[in-house]
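The values are calculated or read from the model by the stated rules, or taken from the named source; none is laboratory data. Fair warning: this is a prediction, and the values are worked out from it, not measured in the lab. We place every Cβ from the backbone using ideal geometry, glycine too, and count neighbours over all the protein chains shown. Only protein heavy atoms, including side chains, enter the accessible area calculation; ligands, DNA and RNA are left aside. Shrake-Rupley method; radii C 1.70, N 1.55, O 1.52, S 1.80 Å.
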Amino acid sequence: MEGSLAALTGVKVEITVVLGRARLPMHQLLRMGRGAVIELEASTKDDVLVLANNLPIAKAEIVIQEDRIAVAITDPISSEEYE
């Protein structure tokens with residue numbers, strides 16, 4: 001088991017959490033400056049999507065503890081659901 005875990009230490013995985021999405025014209029995006037706010041099509045109670053290397057792996061909820069923001073997995077997604 002230890003040998004198989006050692007093989008995984010060099011594997012790089014990019015984790016992305018999608019909080020929401022927004023659609024806006026390019027000219028509007030180009031006019032935005034520092035501190036601009038983009039409204040997302042989501043509410044604070046909505047699940048977020050967790051991606052590993054751009055593939056969905058789980059649904060989760062946002063957890064705020066003091067000054068930290070975390071993600072709690074609520075529903076793993078099987079590979080068959082997104083093939």
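Taking all Cα pairs closer than 8 Å and separated by 6 or more residues, the relative contact order of the chain comes to 24 percent. Report which label in [x] 19, 18, 10; [y] 31, 17, 16; [z] 19, 13, 12 holds the value of semi-axes √(5λ) of the Cα gyration tensor in Å derived from the coordinates of this structure. Computing semi-axes √(5λ) of the Cα gyration tensor in Å and matching it to [x] 19, 18, 10; [y] 31, 17, 16; [z] 19, 13, 12 gives [y]. Positive contributions from Lys and Arg (+1) and negative ones from Asp and Glu (-1), summed over other residues with Cβ under 14 Å from the Cβ of Val48, come out at -2.
Modelled spin-label separation between Ala6 and Lys59, with each label point placed 7 Å from Cα along the Cα-to-Cβ direction: 4.1 nm. Here the spin labels are modelled as points 7 Å beyond Cα on the Cα-Cβ line, and at Lys45 and Leu24 they lie 2.6 nm apart.
Quick one: accessible area per residue over the chain, 1.4 Å probe, rounded to a whole number of Å²?
Working: 7490 Å² over 83 residues.
Result: 90 Å² per residue.
Across the accessible surface of the chain, with the other protein chains kept in place and a 1.4 Å probe, carbon and sulfur atoms take up 53 percent.
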